[in-house]
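Notes follow once the structure below has been shown.
The values are calculated or read from the model by the stated rules, or taken from the named source; none is laboratory data. Bear in mind that the values here come from a model prediction, so they are computed numbers and not experimental data. Cβ coordinates were reconstructed from backbone atoms using ideal geometry, including for glycine residues, and neighbour counts include every protein chain displayed.
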Amino acid sequence: MGVIAVGCRTTLELARALPAGWMTRQRTAVVHVLVDCRDFVSAQELHALMSASGRRAGLTTVYRTLRELEAWGHADVVRDE
């Protein structure tokens, strides 16, 4: 599964577009790294980028966050077979 954020250029813009109280510390870390991605990235690649930048969140949190962003129309998803 490849994912990229759409419609928002900064973490703050995306945070303002999401439901109040949704942005936990871990979700903020996911969103912060995701908005810096310019190409499609898999959840595993995003998790590795987060680790490399010192941001912490579990891989399960990354998957859940991406699914929720997709459901709200803030991420495009390409699913590989």
- Task: Sort out which residues of the range 41-81 are touching a Gly at 6+ places or on another chain (Cβ under 7 Å), closer than 21 Å to residue 13 by Cα and not aliphatic (A, V, I, L, M), and write them in order of number.
- Result: 74
- Message: So in the range 2-57, with the set limited to residues that are modelled with pLDDT of 85 or more and of a type in the set (Ser, Thr, Tyr), which one is nearest to residue 79 (Cα to Cα)?
- Response: 42
- Task: Would you mind stating whether residue 43 is among the aliphatic types (A, V, I, L, M), touching a residue at least 60 places away in the same chain (Cβ under 8 Å) and surrounded by 15 or more Cβ atoms within 10 Å (Cβ to Cβ)?
- Result: no
